[in-house]
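Peer 1: Would you mind keeping the following structure in view while I ask a few things?
Where a number appears in this text, it was derived from the coordinates with a stated rule and is not lab data. Treat the numbers as computed from the prediction; the structure is a model and nothing was measured. Methodologically, a virtual Cβ is constructed for each residue, glycine included, from the backbone with ideal geometry; neighbour enumeration extends over all protein chains shown.
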Amino acid sequence: MLQNQTEKRAHLLCKGTHVNKAFKHEEVRSARAYVLIESIEGKTHEVLMALRGKPGIKFMDYLEGPPDTIVILQACNRQKLAELTNHVLALIEPLIEKFEVLPTKNGNGMQAYS
């Protein structure tokens, strides 16, 4: 039964659906990338607002930059991550000067627990 739950949650992650946070991260493999963004002068807030609430965006924050913004993207596999990254960059293209995409090696990085 656990295998079926794992597959179901992995499928939901692919569709951008929220899954229960109690579900251990090791049980569902995913691909993750850190995107460092240098916004056009005065457009940093607009970048974050353009991305707010979009599926696949795990975390966003201002940096003391440049770069001035970090966005963490997550998808169920590398193909979906590439598609997500292209979509996100297309949304903010008019607002940014440059960006750098740093994909993780295996997508199952360490998690911070409180």
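Peer 1: May I ask you to order 60-67, 47-54 by the average number of other C-beta atoms within 10 Å around their residues, highest value first?
Peer 2: Details: 60-67: 12.8, 47-54: 14.6.
The densest-packed peptide leads the list: 47-54, 60-67.
Peer 1: Filter K54/K98; K58/K80; K58/K105; K54/K105 down to the pairs with a C-alpha to C-alpha distance above 19 Å, please.
Peer 2: Distance filter (> 19 Å) returns K54/K98; K54/K105.
Peer 1: Further, regarding this structure: For a distance above 14 Å, tell me the whole-number percent of Cα pairs in segment 26-83 that qualify.
Peer 2: 56 percent
Peer 1: Here is a follow-up. Starting from 0.36 nm per residue, how many nanometres of slack lie between E93 and F59 once their C-alpha separation is accounted for?
Peer 2: The E93-F59 span can extend by a further 10.3 nm.
Peer 1: Expressed as a rounded percentage, what relative contact order does segment 29-103 have, with Cα pairs under 8 Å and six or more residues apart?
Peer 2: 49 percent.
Peer 1: Let me ask something else about it. Determine the gain in length on full extension of the stretch E100-N86; use 0.36 nm per residue of separation and subtract their C-alpha separation, reporting nm with one decimal.
Peer 2: That pair, E100 and N86, stretches by 3.8 nm at full extension.
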